[in-house]
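Only one structure is covered here, and it is reproduced in the block below.
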Amino acid sequence: MANPPGGMSPSFEQKMRELRDAYEKTLPEKTERIKEMWMSLRTLQRLPPDLLYPFREIVHKLAGSGATYGFSALSSIMQRLEHKLDQLKEFPEDTQRFIVDIDSLVRYMDSVIRSEDAKVEHDGLTEQKMPRPETPKLLFVCEPGSPLRRLPEQIRHFGWDVLPCDYAQMDERLDLYRPEVVLFHETAEHACPAPASLNLNPAPVVFNLHPKPDLCSRAAAFRKGIREVLPVQIDVAELVDRLDGVFIQMADAPYRVLIIDDDDDVAMYHREVLEQARMEIRLSKTAQEVQDTLAEFKPDVILMDLHLLEFNGIELSAAIRQDQSLKEVPIVFASVAQDLTSHLGAIRAGGDDFLMKPIQPSFLVASLESRARRGRELRELLHFDGLTGMLNHRTTEELMQQAVARADRTDGELVVVMIDLDHFKQVNDTYGHVTGDRVLVNFARFLRGRMRKSDVIGRYGGEEFMLVLVDTNLATARAVIESLRVSFASVNHSNNDTPLNVTFSAGLAVYPTFTTPVELTHASDAALYEAKHRGRNCSVVATQDMLKSRLTDG
Amino acid sequence: MELRKIVYVEDEPDIQVIAKLALETLGGFEVTICSSGPEALKAIPSLKPDMVLLDVMMPQMDGPTTLQEIRKIESCARIPVAFMTAKVQSAEISEFLEIGAIGVISKPFDPMTLAQQVRDLWEAKVNG
């Protein structure tokens, strides 16, 4: 991080930028070549080292030049690819597994190149995960008369598209249907194939449903590159959880760090170190910049220099903490030793932490990572419901208020939906609380699989839920809720032979028919009441009359 | 003595341009790029550089072999040579030093600091 002698000359910066732009333009061609080479190599099934050598060479070069030009995400993918190729040489018996791994890395490379910014890590993509398509496709391969034949229908309720087929049809279906995931029911006659040997390139993620998984079958499956071996008796919701694990989830997002420092060199250096560790970084120098950044970037941890231009770090952190939504964000101060001794009291009083400058890169990464993790866990506890993982009551209301404020500003539309599971007390009384809890968890999974990312999904009370569908008109909202209602009613929550189905009732209130958050809440609640009154398992749209009579009834 | 003329042997064009820019603009050196070991062996005797930078992994003739060949040319036997490599494990570094390199610069290098790194190595050897 030493500075160049005599400072940075502007012409150097300029030329550097030009070189970098020119290099960036060559990247699609370079990565395309890697992709093509890999596509033809992988069809060989056996990968002799002498054929791999030229491929490895190109990968190695891109790893090096990418890092030199500052394309760290791409470079790190190439390094991992190179590492896989080296391992492949060492463990040839695991070739099929490595093919799957390299497939994902190549796919990952592709998505990084296509995205606007190949320079930094983003979206928490890893080689093992991909972005979730709107409706993921699952090919379910089993015997024609299999007792599992009802499984596809159940999985569909959780937002998957499922195509069942028998063993003989598999190759043809793979080619036509191009699923992201294959679920294979293994029997004595039909062993689960290696993903790399399937008629699909790149290989899909393969799960094996096995009558009796044990360590041996799992190790053998791992060698073949199969993602997981699951017992045939697995609960549908649990199975869907594993299937969804193929895609990027919120918890996988990189840690977000806000660096507040008015020394550019130090800030850039810290940024570089942390970006290499796959964290997402924003830099701010002044209070105004901090405010602007915090408006759109919610950090998991803040790294702040103690000495800043207008306000010192302690003042600024006190100000940040007064914002309700940032109360729990850990703040780490960086400073030289003598400052820390004199300010230790103040720092500790704020519950913050400090690091002594200069900070070793590995130490910086380790300390910020652990604090970011803690910050995120704390935030989850504060904002999410422990059982269902949905937003909790308070956070749901906060987000609903924000959404209404946004609709106000932009003349937008939104619909608030209040949902209550029907006869839930009976479920608890008849089947016990464990089953009742399972229904709640299933409902949460069900909604997550079917709703858009931008929608707010919260647990409002025991078996009561609130949805906020943003930028949605009433007709669309009704159609969505009706399809959810019909679909959820056919989900089987039982894990024995007696089926257990649960229905729900819903009340919808639309903005701007009702204009304030309080009105929207009351109106949707009144409509829900009306739905219950009409015999449950239906949805009702709130009117002014319903709201009035509900308010007068108390 | 002052470090002025550098020969950089590197087969990757992307790295060539950025290294040349960094060394010339920030270091003020006069830089000649060679794309292979054999090319360097032809150029070095007449250029008489103050220092040679050698990529380790090159097709045809790798860095260490190129160094040994340079040493065989009498007029070039004493030119300081440093390696550029992505493999910076201590075993490899000591191996490189054993065959006569004055130091190792790790790849990927930072274009901002490359010139200074090169200068530091050279000064430690020549004036240190």
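Numbers below:
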quantity: Count of segment B:40-57 residues which are touching a helix residue (DSSP H, G or I) at 6+ places or on another chain (Cβ under 6 Å) and within 18 Å of B:GLU95 (Cα to Cα); calculated: 3
quantity: Index of the failed condition, A:VAL365 passing every other in (1) in a helix (DSSP H, G or I); (2) over 25 Å from A:THR515 (Cβ atoms); (3) outside the structural domain of A:HIS307 (by TED's automatic domain parsing); (4) open to solvent by less than 50 Å² (accessible area, probe 1.4 Å); calculated: (3)
quantity: Any hit, segment A:231-239, residues being within 22 Å of A:GLY375 (Cα to Cα), part of a loop (DSSP other than H, G, I, E, B) and not aromatic (Phe, Trp, Tyr); calculated: no
quantity: Any helices (runs of 4 or more DSSP H) falling wholly within segment A:474-554 and containing at least 1 residues that are within 28 Å of the chain's Cα centre (by Cα), modelled with pLDDT of 90 or more and surrounded by 18 or more Cβ atoms within 10 Å (Cβ to Cβ); calculated: A:474-489
quantity: Positions within segment A:460-475 being out of contact with any strand residue (DSSP E or B) (no Cβ under 6 Å at 6 or more places or on another chain) and touching a residue at least 24 places away in the same chain (Cβ under 8 Å), in sequence order; calculated: A:GLY461, A:GLY462, A:ASP471, A:ASN473
quantity: Members of segment A:460-481 that are of a type in the set (Asp, Glu) and more than 20 Å from A:ALA526 (Cα to Cα); calculated: A:ASP471
quantity: Selected residue (only one of A:ILE259, A:ILE314, A:ILE281 is touching a Leu at 6+ places or on another chain (Cβ under 8 Å) and in a helix (DSSP H, G or I)); calculated: A:ILE314
quantity: Any chance B:LEU114 is under 12 Å from the mean Cα position of the chain (by Cα), more than 14 Å from every other protein chain (Cβ to nearest Cβ) and not hydroxyl-bearing (Ser, Thr, Tyr); calculated: no
quantity: Filtered residues of segment A:476-513 (kept if in contact (Cβ under 8 Å) with a residue 40 or more places away in the chain and of a type in the set (A, V, I, L, M, F, W, C)); calculated: A:ALA477, A:ILE481, A:PHE488, A:ALA489, A:VAL491, A:LEU500, A:VAL502, A:PHE504, A:ALA506, A:LEU508, A:ALA509, A:VAL510
quantity: Candidates A:PRO4, A:PRO10, A:PRO49, filtered to the one that is at pLDDT below 85 and open to solvent by less than 50 Å² (accessible area, probe 1.4 Å); calculated: A:PRO4
quantity: Yes/no for A:ASP241 being surrounded by fewer than 20 Cβ atoms within 10 Å (Cβ to Cβ), of a type in the set (D, E, K, R) and over 16 Å from the mean Cα position of the chain (by Cα); calculated: no
quantity: Search result, residues across segment B:111-128 that are open to solvent by less than 50 Å² (accessible area, probe 1.4 Å) and assigned to a loop (DSSP other than H, G, I, E, B); calculated: B:PRO111, B:MET112, B:THR113
quantity: Restricting segment A:402-427 to residues that are part of a helix (DSSP H, G or I), modelled with pLDDT of 90 or more and open to solvent by 30 Å² or more (accessible area, probe 1.4 Å), the residue that is farthest from A:GLU377 (Cα to Cα); calculated: A:GLN426
quantity: Within segment B:1-110, helices (runs of 4 or more DSSP H) holding 2 or more residues that are within 13 Å of chain A (Cβ to nearest Cβ) and open to solvent by 20 Å² or more (accessible area, probe 1.4 Å); calculated: B:13-21
quantity: Residue in segment A:511-521 that is touching a Cys at 6+ places or on another chain (Cβ under 8 Å) and in the same structural domain as A:SER539 (by TED's automatic domain parsing) present; calculated: no
quantity: Breaking point among (1) aromatic (Phe, Trp, Tyr); (2) farther than 22 Å from A:LEU138 by Cα; (3) surrounded by fewer than 20 Cβ atoms within 10 Å (Cβ to Cβ), for A:PHE222; calculated: (2)
quantity: One residue from A:VAL205, A:VAL229, A:VAL240 being at pLDDT below 90 and among the hydrophobic types (A, V, I, L, M, F, W, C); calculated: A:VAL240
quantity: Segment A:31-53 residues that are in contact (Cβ under 8 Å) with a residue 12 or more places away in the chain, paired with ones that are charged (D, E, K, R) and open to solvent by 70 Å² or more (accessible area, probe 1.4 Å) (beta carbon under 7 Å, 6 or more apart); calculated: A:PRO49/A:LYS89
quantity: Check on A:GLU228, within 28 Å of A:VAL439 (Cα to Cα), within 24 Å of the chain's Cα centre (by Cα) and open to solvent by 30 Å² or more (accessible area, probe 1.4 Å); calculated: yes
quantity: Single match in A:TYR23, A:TYR108 (criterion: at pLDDT 80 or above, facing chain B (nearest Cβ under 9 Å) and crowded, with 17+ Cβ neighbours inside 10 Å); calculated: A:TYR23
quantity: Those residues of segment A:61-72 which are facing chain B (nearest Cβ under 7 Å) and either under 18 Å from A:LYS89 (Cβ atoms) or open to solvent by 10 Å² or more (accessible area, probe 1.4 Å) (or both), in sequence order; calculated: A:LYS61, A:GLY64, A:ALA67
quantity: Matching residues in segment A:438-463 - criterion: being at pLDDT 90 or above and acidic (Asp, Glu); calculated: A:GLU463
quantity: From B:LEU21, B:LEU53, residue being within 29 Å of A:LEU27 (Cα to Cα) and modelled with pLDDT under 95; calculated: B:LEU21
quantity: Residue check for A:ALA253: more than 29 Å from A:GLU377 (Cβ to Cβ) and among the small types (Gly, Ala, Ser); calculated: no
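The values are calculated or read from the model by the stated rules, or taken from the named source; none is laboratory data. Computed from a predicted structure; not experimentally measured. Don't worry about glycine lacking a Cβ; one is built from the backbone with ideal geometry, like all the others, and counts go over all protein chains shown. Areas reflect the complete protein model, heavy atoms only, side chains present, ligands, DNA and RNA absent. Shrake-Rupley method; radii C 1.70, N 1.55, O 1.52, S 1.80 Å.
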